[in-house]
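Participant: Mind having a look at this structure? Questions to follow.
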Amino acid sequence: MAEQFLSAQTVTLKQYLSRDNGQYTIPFSQRPYEWGEAQVNRLFKDLTALGLSENSEDKHVLNFFTFSNEEGSLKLFDGQQRTVTTLMIYAEGLKIAVERKELEPKFASKRYQNYISDEDEDGNVTSKVVFDKKEVTDVFYSLLDLENKDIFEEYESSDSSIQTFIDNKKYIHELWMVFVAEHPGIKVKDVLTSFMDSSYLIQIVATTEEVAQKMFETLNNTGKSLEDYYVLKNDLVSSLGVENVREKWNKLDDLLGEINRTSFLSTFATLTKGKTSKSELIDTLFNPDAEKEVHEQLLQLLLSVADAYSKAVNPNQLDIIDKNNREKYAYLTEMLTDVFSLKQHIQILTAMIAKKYTDEDKIAVLTTIKNLAVKLLFFKEGRANQFESPLAELAHAIYTEELSVNDIQEILSEGPLYVSDDSLRAIIVEREITTPSARKKAKFVFKELYDYEFENSQSETRLPNILQQIHYEHILPEKPKEKSQWLKDFSDDTERRHLTNVLGNATLLIGLKNEKLGNKEFDVKREVYSTSFLPENKKLAVLTKWTPIEIKKRSNDLAERFIQLYK
């Protein structure tokens, strides 16, 4: 006779949540509670719809819930998100039923004790669901407590589940408020009874955790592509055991905080194995046939890279003692992300932090990447994904080889991202700035040019780093007035529209009054330019006219200056 290692039964939600049927433990290997508003809203509507139906035969099926049962301990492998959310919906419904005087507090308390949590006369608490971390369990039941009205607005924890509890608690309250407003004749207590009696689920119980995990993966065949971080966690637990993984994995979670796990795992794979597609992450990182020692090394390596990655993503965590270096580093990382929407430099920084390069080295490499971003993403109007493969390959080389900062800069400057001065010169002269994104980048390069020239003249003056405080000025206005001198000097409409948008027709201004220059004549603009603290604007103020000749001359002049700046 074959050994029975699985059993399945159909139960109502009422039977499933009854504390008489045992306590459910969320195993360490499972991902945190992470449902968002869309999933919460869908479950809320499915459940409460049963309280609106005139047909008492209507049912709702909550799908499969998978458990292991070893030594009488029920561990929930599949169904955590739905179970936890259902408890939150039910507890909030009880509170509202009491507030609406549909239920006396003592009867609401009785229901709470039956399905959520109870405390005996000796102070022993028995809860329906228990999480791996005591802090998570305590906060969860504090939020559900019928007498607790706090939402823990200021609660701080490294566990992402807790903030999700708090967010969903607020959202579920809002959903109930909308529900009772839309259905004034419906009693919340009756809705709670209806969905407990008329919701069904299939409870699958395996004899071992290994079988439960395999069953979970079978029923969720997209899980590996969606949750690689947690699949890797389960694989390591299967190999090394919970007790050998728990402490280090919790530390890993603490290091990563709210950082995207998939992005981290992708960076980890890039550094240790080379550029890896998302679909191959687990197969690349984890070999189930390897010795346990290899898996232990993998776990330790994850911690080491996570420490570096968290600092690469959050520059404030880097202990840069020198004030100038700290400011340069913050400026470069912020501009790469904010102005150029670049993320690929994070892998380079992670590798350099992990390999303990100096702050000066990191700043030098970031500067080179910034210069390349200006050339490729602004002047040449390329896309950020151009950086993906070259920077991934370089990050792997930095992590696995002994590269000097000069080696790194040479690879960046002379590799596939190389742009010649000659090709750049022609592009800069003709580059038109016509979109908000391009204008933001143009502000940035002008700011860098003007700051560079201040520095060369040994002036301490600098433009603001906050680009919103800087006005991008078209000298020849975008919309000249009819019969203005502008239309006389630029009689060819096609040429005028082109020259309006080139870099040679632009400068920067600071202050609200300067933003109102608009389509005024050049003589009026000259007066404002003459009062500017920028030498470039004072040069413009000396000119007596602004025609196609002046724009083309300045375009060529700027091209040479930008090429020197971004060498």
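Only the coordinates and a few stated rules stand behind these numbers; no lab work does. Note that the structure is predicted; figures quoted are calculated from it, not measured. Glycine also receives a Cβ, built like all others from the backbone with ideal geometry; neighbour counts cover every protein chain displayed.
Participant: With the crude spin-label approximation of a point 7 Å out along Cα→Cβ, what separation in nm comes out for Ile259 versus Glu410?
Facilitator: Here the answer is 3.1 nm between the modelled labels.
Participant: Per DSSP helix of 4 or more residues, -39500 (n - 2.57); summed, then divided by the residues of the chain. What does that give at 222 nm, rounded to the nearest 500?
Facilitator: -18000 deg cm²/dmol
Participant: Also: Highest first, please rank the peptides 97-105, 376-384 by the mean number of other Cβ atoms sitting within 10 Å of their residues.
Facilitator: Packing order, densest peptide first, comes out as 376-384, 97-105.
Participant: Would you give the gap between the C-alpha center of segment 56-119 and the C-alpha center of segment 490-567, rounded to a whole Å?
Facilitator: 68 Å
Participant: In µm²/s, what is D for segment 243-375 at 37 °C and 0.692 mPa s, where D = kT/(6 pi eta Rh) by Stokes-Einstein and Rh is the Kirkwood radius from Cα pairs?
Facilitator: 206 µm²/s
Participant: When N counts the residues of segment 354-444, how does its alpha-carbon radius of gyration compare numerically with 2.2 N^0.38 Å, as a ratio?
Facilitator: Normalised Rg, Cα atoms only: 1.21.
Participant: If you average 1/r across every pair of different Cα atoms in segment 427-565 and take the reciprocal, what Kirkwood value do you get, in Å?
Facilitator: Evaluated on segment 427-565, it is 15.4 Å.
Participant: Work out which helices of the chain, taken as complete DSSP H runs, extend at least 27 Å along their axis over the Cα atoms and score a mean Kyte-Doolittle of -0.5 or more, then list them.
Facilitator: Flagged H segments are 80-99, 160-182, 292-313.
Participant: Out of Gln113, Gly36, Gln9, whose Cα points farthest toward the positive end of the dipole of segment 6-219 (charges: +1 Lys, Arg; -1 Asp, Glu; placed on Cβ)?
Facilitator: Gln9
Participant: Treat every Asp and Glu Cβ in segment 234-363 as -1 and every Lys and Arg Cβ as +1, leave all other atoms uncharged, and give the resulting dipole magnitude about the Cα centre to the nearest 20 debye.
Facilitator: 320 debye
Participant: Here are several values of percent of Cα pairs over 33 Å apart: [x] 43; [y] 59; [z] 52. Which one was derived from the coordinates shown?
Facilitator: Of the labelled values, this structure produces [y].
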